[in-house]
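The numbers here are math on the coordinates, done by the rules we state, and not lab data. Worth saying up front: this structure is predicted, and the values here are computed from it rather than measured. In this analysis, Cβ positions are derived from the backbone assuming ideal geometry, glycine residues included, and neighbour counts consider all displayed protein chains.
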Amino acid sequence: MSDNTNMINLCELNTMALQSFAKERICLTNLDEVLSTFTHLKEKQQKFIILSGGSNTILPPELNACVISPTLFGQKILYEDDNLVTLEVMAGENWHELVIDTVTKGWYGLENLALIPGWVGACPVQNIGAYGVQVEDVILQVTAFHIPTLTWHLLCKQDCQFGYRDSLFKHEEGEWLITSVVFQLKKNPVVNVKYADVASVAQQLAKQAGRNTITPIDVMQAIIQIRQSKLPDTKELPNCGSFFKNPVISRAKFDELLEKFPNIIYYNLPDPNMVKLAGGWLIEQAGLKGKGIEPIFTHSKQALVLTNHRPCQASQADIQRTMQWIISQVQEKFSVTLEPEPVWIEKDGYTWQNH
Ligand code: EPU
């Protein structure tokens with residue numbers, strides 16, 4: 001085992017609490033530092049990684065790369081009228097605090113995305129989504145630094161190429177540093193309660209408050225309650241939310257599965273030839289709920305989530321072992337290949353040669 005005395009311990013900087021050490025970390029505190037830091041790294045051809053809230057990142061035990069964290073704070077109203085607010089938020093702001101802050105001010109659109117861990121700058125990368133809303137629904141623009149060319153870009157929503165847990169920033173991983181996100185929020189309190197459990201908890205909350213109509217605050221609080229009841233608190237049981245994406249398969253393959261498994265949980269998609277399956281259901285039906293290979297197990301209340309039972313000791317290899325086991329068991333039972341959702345960081349991070 002190598003001596004980590006002079007290394008930076010990243011255990012508390014990744015919500016999976018994986019053992020990970022790096023030689024150097026730079027926290028960017030203003031936009032000038034973004035340009036000067038990457039110019040310097042490029043001159044030295046120094047490898048790097050980008051680490052925000054660490055809630056969707058699987059880190060290696062030892063990083064031979066400089067860790068860059070966009071600790072950029074602040075928010076600014078770019079436009080406001082009786083119906084809308086256009087709000088620019090810097091990348092280092094905490095996501096859930098932003099949700100509470102905007103909804104409390106009467107600016108709506110983020111309420112269904114309450115309690116998602118992480119920083120604002122990471123939200124476009126995987127196009128965070130929950131309870132019928134994806135962040136692309138409220139994003140107007142993203143400001144990002146293109147690392148290989150050392151240039152600034154203002155990307156509109158279309159430029160971001162959003163998909164289910166997907167975006168340009170995921171395709172071109174390690175090439176972009178997002179510095180701020182512009183959201184378009186509404187003042188009209190229209191709620192999205194397409195999910196039956198959200199509707200019923202929100203309804204109850206409204207009733208308790210003596211109201212007949214559900215407000216966005218009810219929706220936010222309902223979602224906080226539902227998430228707390230199913231998803232482990234990262235501080236108590238380290239995890240990175242859903243570890244696998246819900247798999248999308250062809251309608252033809254789905255029809256075969258439906259015949260064999262009439263209770264299969266699925267969602268129709270805008271493309272009639274494709275069907276999305278509930279990955280958590282597949283894992284549970286394969287008998288793997290609460291199971292795993294020590295010390296990484298699927299969560300006992302939500303099998304799509306992997307949890308680390310040995311914080312700051314478990315490693316990327318431990319994740320790999322449980323992940324491969326689950327993928328192969330689900331493949332064997334359903335002939336469906338689960339795909340991991342988090343970003344997997346290699347020992348050398350991103351190199352300039354790749355760019
Ligand atoms: N299910 C099971 N067993 C399980 C887990 C789920 O049978 O162990 C079934 C549930 O009963 C339900 C269905 O699968 O019928 C879907 O489960 P759930 O509503 O918990 O949502 P999910 O599809 O597992 C997705 C997102 C979550 C998001 C929820 C709510 C992905 C990869 N995950 O999970 O996002 O909070 O929907 O909208 O799309 C995240 O990305 O980190 C995340 C937590």
Quick one: 3J(HN,Hα) in Hz for region 40-57, Karplus 6.51/-1.76/1.60 with θ = phi - 60°, rounded, Gly and Pro as x.
5, 4, 5, 4, 8, 6, 7, 6, 8, 9, 10, 10, 9, x, x, 9, 9, 10
Over region 293-339, what number does the Rg to Rh ratio reach, with both radii from the alpha-carbon atoms and Rh per Kirkwood?
1.00
Phi-derived 3J(HN,Hα) across region 327-341 with the Karplus relation (6.51, -1.76, 1.60, θ = phi - 60°), rounded Hz, x for Gly and Pro, is 4, 6, 5, 5, 4, 5, 7, 10, 6, 10, 9, 6, 10, x, 8
Using only the Cα atoms of region 38-184, construct the convex hull and provide its projected area averaged over every direction, in square nanometres to one decimal.
9.1 nm²
Would you please classify the overall shape of region 109-255 from the alpha carbon gyration tensor, given that a ≥ b ≥ c denote the square roots of the eigenvalues, rounded means a/c under 1.5, and beyond that prolate means a/b larger than b/c while oblate covers the rest?
prolate
Can you spot the aspartates and glutamates whose alpha carbon is less than 13 Å from Lys347's alpha carbon? Ignore those fewer than 8 places along the same chain.
Glu62
DSSP bridge orientation in the chain - percent antiparallel, rounded to nearest 5
80 percent
In a GNM of the chain with a 10 Å cut-off on Cα contacts, which of Asn246, Asn127, Asn83 has the highest mean-square fluctuation?
Asn83
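Classify region 198-295 as rounded, prolate or oblate from the Cα gyration tensor: take a ≥ b ≥ c as the square roots of its eigenvalues, call it rounded if a/c is under 1.5, otherwise prolate when a/b beats b/c and oblate if not.
oblate
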Among DSSP bridges having both ends in region 1-149, what percentage is antiparallel? Round to the nearest 5.
55 percent
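For the chain, what does -39500 (n - 2.57) per DSSP helix run (n ≥ 4), summed and divided by total residues, give at 222 nm, in deg cm²/dmol to the nearest 500?
It comes out at -8000 deg cm²/dmol, rounded to the nearest 500.
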Take the alpha carbon atoms of region 218-261, find their center, do the same for region 307-341, and report the distance between the two centers in whole angstrom.
15 Å
Free-standing Cys, the chain [no other Cys Cβ under 4.7 Å]
Cys27, Cys66, Cys123, Cys156, Cys160, Cys240
Can you give the percent of C-alpha pairs in region 252-355 whose distance is more than 23 Å?
38 percent
Longer than 29 Å from Cα to Cα, which of Lys170/Lys235; Lys157/Lys230; Lys245/Lys291; Lys44/Lys170; Lys23/Lys245; Lys194/Lys253 are they? Say none if no pair is.
Lys157/Lys230; Lys23/Lys245
The long-range amide H neighbours of Ile50, using H built 1.01 Å from N in the peptide plane and a cut-off of under 5 Å, are Ile68
DSSP-defined antiparallel bridges as percent of all bridges, region 1-70, nearest 5:
20 percent
Using modelled amide H (1.01 Å from N, peptide plane; none on Pro or chain starts), what sits under 5 Å from the amide H of Lys291, excluding residues fewer than 5 places away?
Thr298
In order over region 310-323: 3J(HN,Hα) from phi, Karplus 6.51/-1.76/1.60, θ = phi - 60°, whole Hz, x for each Gly or Pro, gives 9, x, 6, 10, 5, 10, 3, 5, 5, 4, 4, 5, 5, 4
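What is the Å³ per residue value for the convex hull set by the Cα atoms of region 1-97?
Given the Cα convex hull of region 1-97, per-residue volume reads 122 Å³.
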Just to compare against my own numbers: the Cα pair-distance distribution for the chain, 20 Å bins, whole % per bin, please.
28, 58, 14, 0
For the chain, set up a GNM with springs between Cα atoms under 10 Å and report which of Ala17, Ala252, Ala314 has the largest fluctuation.
Ala252
Cα convex hull volume per residue for region 163-242 (Å³):
166 Å³
Can you give me the long-range amide H partners of Ile265? Hydrogens built in the peptide plane at 1.01 Å from N, cutoff under 5 Å, separation of 5 or more residues or another chain.
Ala278
